[in-house]
Structures are given as structure tokens and as C-alpha cells.
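The structure under discussion appears below in the form of C-alpha cells.
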Amino acid sequence: MSEMVEKDEARLRYDFKKMLEKLEAKEGSGTELISLYIPPDKQIHDVTSQLRDEFGQSANIKSKQTKTNVQSAISSILARLKFYNRPPERGMAVFCGAINRESGDKYDFECHVVLPPEPINLYMYRCSSSFELEPLKAMLEEKVVYGLLVLDRREAYWGFLRGNRIDPIGGATSTVPGKQRKGGQSSVRFQRLREIAIHEFYKKIGDRSSDIFLAEKDFFNRFQGVLIGGPSPTKEEFEQGEYLHHELQKRIIGLFDVAYTNESGLAELVDAAEDALRGQSVMIEKKIMERFFKELVKDDGLATYGEKNLRENLELGAVEILLLSSRLRKSRLRFECDNCKYTTELTVQIEPGKDTDVDIGPCPDCTAALALVEEIDIIHELTELADASNTKVQIISDDFEEGSQLFSAFGGVAGILRYRTGF
């Protein structure tokens, strides 16, 4: 059951992100696009009352075209709100207005009602040349965040692990002298100066860590803890010296051996903390991709990739795990000739947020025009095939190296088979 919930959430997240991409690409010629956010505890009659007031005030807009477009958008929103006695349980957002076409000075009038994946916590009415999407985009932010720190006595580097993504922040270097003392200095005095320099550097690391990690938005709810990496005994000295703020000190998850203490060390730290992070999405996806690559290099391996191969293997029920890149933006198009009913299908790459615009020429049988009669998101199509054969679907982020390779090297579509086939 937990796998089914996780799978559905991944697909919902993909659909929600794709919907935001489409809304973000839409533009108006002036302040004609209306964004309306209604929280679940807002009375619908209060919203409609304000909209009627806005309709009246829009009569003062000097541009006749802008006034007409704004009033049309408000009227369209009011018509949709008639179907609601109260807001949905998580609230709703409505985006409405005259959208510029990509060519010419014409426009299309659109109105979109969005039911968010999380509760809306604000009421907002805004007119602009673009839709206000920041409150919805915030819902895509990772809810689990870890602080990353790698250090030795020469340097330190900070970052965050946000879901699947390592977010580097920056580094610092020390002025700690090497173990070889300069001429004329006694070994005792030199060692004391070196210990002072190490202490000051550790203190600098602690202060900088506090500034970075405690400033994380919604720290007490989202920040899960700190992973510290480095050689021994440096990381142990730092942890035992309690140089971190007390809220961070008590959130230290573990100390891990890493060879690098620059930006490269952050990825090494995440790998070293595999057991501590077990169950987090980044480790689940890493494990699956590692298994795919192991099968790929075997002579009789169970790895397959490419849309054609995956489609045929899914139809046979031979796929155990379907791997799809979160960056995949493709549609399966079906064209039909109105004259002779000839049909053909084509998979095309689409630009995020843009509408599909493909001209494949005339019908090869009768030279009449071919019409686009169906467009299906490739992820939706392949996951439906996967569901029919009880195949697990894993949407893989490209925020880590193996996930990025799925998109760049394998076209964003791959799989691990239950048994070998000819595809």
C-alpha cells in the first residue's frame, strides 16, 4: 500500500509541476490576467462580493480593450464560483484572462480552476500581465531538508540535501599552519598557536553553520538534521567541541568519513550516510538506478531503454520497474485524415509550458490534410501500460548524477525487466 501511495504522489507531483509550467508560459498584453487564491476557510459569498466590486471599479480603466478583458475574466470567475457553496477542503486557485497568442496580436480567453495538493493559506486577488504562481510553486518545495557539512583543518564546505537535490552553498578556508614549524619557534609554543588557530577555525565553521542552517525557511518543521563529513579526528573534534548552535548540535545525525572537503565532498557525504538516510527518496532512487546500471553491463542483464523497447516490453508484461525521468516532456500524437481515415502516430518532444504545434504534412494516401485528433502525455501513457501489468513506476529526479544520466543518455525512459525478451 505504501508503494502505491508513493507512486501516486510522484505522478500527482509531475502533473502539478507540468500544469504550473503551462500557466507560467501564458502572458497577457497588459494587467488583464487575474489570479485569485481562495483559502478553505473563506466564505464564497465574500469572494463574489469583492469580485462584483472589482467589476464596478474596472469601469474606470482607460483602455477599452483592457477593461473588456478584465470584466470578461471577472464574469467568468463569478460563473464558476456559482458551483461552489464553500471552497474545497484545501481551497482553490482560479486563473483567468486573455492570453496572447504566440504570433500576431490576437488572443485566446482562458480560465483555469486549480485544486492544490496542499491547503492554500492566503486570500489573494491580483491583476497582472502574468499569473501569480508563487504560492503554488512553494508547494513543490521539498518538505524534508538536511544540512550538509564537510570539513578538515584546512577547509570546510556547506550545502543542503533537499529531497533528491544537493544544493551547494559555499566554503571557507583556514589559516591553520602546517605541522612543520618555522625556524626559531619552540615546539610547545608552535603547537599552542596551532591549537588556537584550529579552535578559531572550528568556531568560524560553527558560526557560519548556524547562519546557514538556522536561516532555512520553516526550520523547526522541515529541517531534519545535520550530516557531518570529514577525516578523523577532525569531524570528531568539531562535534565534541560543540561549536554548533544548540538547535543544530542536538540535530547531528552522524559523522561520516569522506575524502573531500570541498563541493565534491557533499555528494560523497550523502553516499556515506546511506544507512542514516534510508527511506528518503534520494536513496530509493539511487538504489534503483544503481541496479539498472548493473543490469546494463551484464551480458544477460535485465536492463532495457528507449520508448519503443519499453512499450513492447510493457505490452508483454515483462517490465518489473519502469523508470521515467522527471524532466521528460514528450507527447504521443495521433493524426487522422478526414478524407480517407488514414491514421498515424508520432512521439514528439515538447517545450515545457508550450502547446504542441506539429505539422507532419499531407496524408500519404490521398494528400489531404492530416488533423491532430489525440494528444497523450508519454508518462501518462506508459504508466497506464505499467499499471495494467502490475509494473512498479518510479519517476526519477535528475538532481543527482545517475538520475541526470537517465535523461541525457537514455532519453528519460528505461526499465528493469522481469525476464529477458527480444526487445
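Tabulated results
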{"item": "Residue ID - surrounded by the most Cβ atoms within 10 Å (Cβ to Cβ), chosen from residues in the stretch 308-338 that are in a loop (DSSP other than H, G, I, E, B) and at pLDDT 90 or above", "result": "318"}
{"item": "Selection count where residues are assigned to a helix (DSSP H, G or I) and open to solvent by 30 Å² or more (accessible area, probe 1.4 Å), scope the stretch 186-205", "result": "12"}
{"item": "Pair list, Cβ < 6 Å and 6+ apart or interchain, from the stretch 305-325 residues that are touching a residue at least 60 places away in the same chain (Cβ under 8 Å) to residues that are in a helix (DSSP H, G or I) and of a type in the set (Val, Ile, Thr)", "result": "324/379"}
{"item": "Any chance residue 252 is farther than 20 Å from residue 228 by Cβ, open to solvent by less than 70 Å² (accessible area, probe 1.4 Å) and touching a strand residue (DSSP E or B) at 6+ places or on another chain (Cβ under 6 Å)", "result": "no"}
{"item": "Positions within the stretch 27-47 being surrounded by fewer than 19 Cβ atoms within 10 Å (Cβ to Cβ), of a type in the set (D, E, K, R) and assigned to a loop (DSSP other than H, G, I, E, B), in sequence order", "result": "27, 41, 42"}
{"item": "Close pairs (9 angstrom Cβ cut-off, 6 or more residues apart or separate chains): of a type in the set (Ser, Thr, Tyr) in the stretch 403-415, open to solvent by 30 Å² or more (accessible area, probe 1.4 Å) anywhere", "result": "404/327; 404/398; 408/398"}
{"item": "Where a residue in the stretch 266-281 is closer than 19 Å to residue 155 by Cβ and touching a residue at least 60 places away in the same chain (Cβ under 8 Å) and its partner, wherever it lies, is open to solvent by 60 Å² or more (accessible area, probe 1.4 Å) and in a loop (DSSP other than H, G, I, E, B), with Cβ under 8 Å and at least six apart", "result": "268/259; 268/260"}
{"item": "Pick from the stretch 387-407, criterion at pLDDT 90 or above and assigned to a helix (DSSP H, G or I), ranking: surrounded by the most Cβ atoms within 10 Å (Cβ to Cβ)", "result": "406"}
{"item": "Some residue of the stretch 107-115 being touching a residue at least 40 places away in the same chain (Cβ under 8 Å), of a type outside the set (A, V, I, L, M, F, W, C) and in a loop (DSSP other than H, G, I, E, B)", "result": "no"}
{"item": "Residue that is nearest to residue 35 (Cα to Cα), among those in the stretch 116-135 that are in a loop (DSSP other than H, G, I, E, B) and among the aromatic types (Phe, Trp, Tyr)", "result": "131"}
{"item": "Scope the stretch 259-275; condition of a type outside the set (D, E, K, R) and surrounded by fewer than 16 Cβ atoms within 10 Å (Cβ to Cβ); matching residues", "result": "259, 262, 264"}
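The values are calculated or read from the model by the stated rules, or taken from the named source; none is laboratory data. Predicted, not measured: the structure shown is a model, and the values here were computed from it. With ideal geometry, Cβ positions are generated from the backbone for all residues, glycine too; neighbour counts draw on all protein chains shown. These area figures cover heavy atoms from the full protein model, side chains too; ligands, DNA and RNA do not enter into them. Shrake-Rupley method; radii C 1.70, N 1.55, O 1.52, S 1.80 Å.
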